[in-house]
Amino acid sequence: MLLLVEIVKALTEIALLALLGQGVLWVLAGRKRDQNPFYQLFQVLTKPLIRGARLLAPRVVLDQHLPLVAGLLLFFVWVVATLTRIDLCLRIGVHLCR
């Protein structure tokens, strides 16, 4: 069970960093961001996350806000995974969680 929680936590961290990287490049690259190969890579990585956010978010949420919704959902998943890991480590013993 601990391994599953660790995998979920790691995948969530990777997805959060991809969204953050895309956001930073959105600010830095400006209007030419669509020509930036790293921005295109981040778009490929975050496209499933944004589609998932569209499915979960109500229709009143604008498409331009979907990356923020996806980031918040991922943050809540990360918090739950972290709290679950802490709980499991306290149950089985901290020395076994290293």
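Can you tell me which residue in region 1-25 is surrounded by the fewest Cβ atoms within 10 Å (Cβ to Cβ), limited to those that are touching a residue at least 60 places away in the same chain (Cβ under 8 Å) and within 11 Å of the chain's Cα centre (by Cα)?
Filtering first and then ranking leaves Glu13.
Scanning for something surrounded by fewer than 16 Cβ atoms within 10 Å (Cβ to Cβ), within 21 Å of Glu6 (Cβ to Cβ), in contact with a Ser or Thr (Cβ under 9 Å, 6 or more places away or on another chain) and among the hydrophobic types (A, V, I, L, M, F, W, C), does region 53-74 turn up at least one residue?
no
Tell me yes or no: at least one residue of region 26-47 is surrounded by 12 or more Cβ atoms within 10 Å (Cβ to Cβ) and within 30 Å of Cys89 (Cα to Cα).
no
Rule-based calculations on the coordinates, nothing more; no lab input. Source: prediction; values computed, not measured. Note that we place each Cβ from the backbone using ideal geometry, even for glycine, and neighbour counts take in every protein chain shown.
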